[in-house]
Amino acid sequence: MMQDLNRQIRIKGAIYGIVLGVIILALNLISYFIMVKLNTPKWVTAFSQPLFTNVLPIVAAALICFRLRKKIGGYWTLRQASSGIFAMFLTSYLIFFFGMLLYSKVIDPAMALNIENKIESVKAAIRKDQGVSQQHIDEETKGLRKDFNERENTSVLRSVQSFGIVIVLVFLASLIFAALFKNDPPAYVAPNKKQ
């Protein structure tokens, strides 16, 4: 009975992970369009990225955790919560990763370059508004370009290491969410018989 419930929690976690992955993918693409495709003010560009790629996915994950817990009966131990949430987060990461890979390689191959150019121009505009000299802005832009180039030239070994780090981070995030959303079943207390 308990093994069936644990298996059911992991399966439902993976199913909800698909939903969460699609939501995170959509939020990232919305952020990309706001940042690059629309002619938005620099403050909108600067704040839309953290909002759509950090804040809203965390809110979505929390709401889906509540939904998952409700779906399996409203109670789960820390271990059950962490395994279900880990399945959800890992599935959502894979959906997001392969979705972004597909989009950036097939649909919009210039995506990375567009983002880099927009980040450089917004950062330069902000620094110019702060009164920074053009020479200093040019040096910062060269540093940004160097960072972008280093990220693009990653080896297979680095990619495997990155995936290992992602797995560890997903596990840690699932433990944190499990601690926040666990809801132990009530302990049975036998009635006190009077003699």
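An ellipsoid equivalent to the range 1-51, defined through the eigenvalues of its Cα gyration tensor, has semi-axes of 39, 9, 4 Å when rounded to whole angstrom and sorted largest first. Val44 contributes about 40 Å² of solvent-accessible surface, heavy atoms of the protein only, 1.4 Å probe.
Sort Lys142, Lys182, Lys37 by accessible area with a 1.4 Å probe, largest first.
On the way: Lys142 150, Lys182 85, Lys37 105 Å².
Largest accessible area first, the residues go Lys142, Lys37, Lys182.
With a simple spin-label model that places each label point 7 Å from the Cα along the Cα-to-Cβ direction, the separation between Gln161 and Tyr103 comes to 2.8 nm. Amide H to amide H distances under 5 Å link Asn183 with Trp76, where only residues 5 or more positions off or on other chains count and H is placed in the peptide plane. In a simple Cβ point-charge model (Lys, Arg +1; Asp, Glu -1; nothing else charged), the chain has a dipole of about 1000 debye relative to its Cα centre.
In degrees from 0 to 90, rounded to the nearest 10, what is the angle of the helix 134-152 Cα long axis to the longest principal axis of the chain? Roughly 50 degrees, rounded to the nearest 10. Comparing mean-square fluctuations of Ala178, Ala46, Ala110 from a GNM of the chain with C-alpha springs under 10 Å, the top value falls on Ala110. When Asp129, Asp108, Asp184 are compared by accessible area of protein heavy atoms, the largest-first order is Asp129, Asp184, Asp108, using a 1.4 Å probe.
Taking every alpha-carbon pair within the range 54-96, the share separated by more than 11 Å comes to 67 percent. 3J(HN,Hα) couplings calculated from phi for the range 99-110 with the Karplus curve 6.51 cos²θ - 1.76 cosθ + 1.60 (θ = phi - 60°) are, in sequence order, x, 5, 4, 4, 5, 6, 9, 9, 7, 9, x, 8 Hz; Gly and Pro show x.
Which pairs, out of Lys37/Lys105; Lys37/Lys123; Lys12/Lys105; Lys42/Lys146, put more than 25 Å between their alpha-carbon atoms?
On the way: Lys37/Lys105 17 Å; Lys37/Lys123 17 Å; Lys12/Lys105 31 Å; Lys42/Lys146 23 Å.
Flagged as over cut-off: Lys12/Lys105.
Evaluate E = 1/(1 + (r/R0)^6) for Phe33 and Ala62, where r is the Cβ-Cβ distance and R0 equals 25 Å; express this FRET efficiency to the nearest 0.05.
Working: r = 25 Å, r/R0 = 1.00.
Approximately 0.50, to the nearest 0.05.
Note on the chain: Cα Rg divided by 2.2 N^0.38 Å, N the number of residues, gives 1.37. Shown are Trp76, Trp43, whose ranking by accessible area with a 1.4 Å probe and every protein chain present, most to least, is Trp43, Trp76.
The values are calculated or read from the model by the stated rules, or taken from the named source; none is laboratory data. These numbers were taken from a predicted model, which means no experiment stands behind them. Neighbour counts are summed over all protein chains in view; Cβ atoms, including those assigned to glycine, are modelled from backbone coordinates with ideal geometry. In case anyone asks, the SASA skips ligands and DNA or RNA and just uses the protein heavy atoms, side chains included. Shrake-Rupley method; radii C 1.70, N 1.55, O 1.52, S 1.80 Å.
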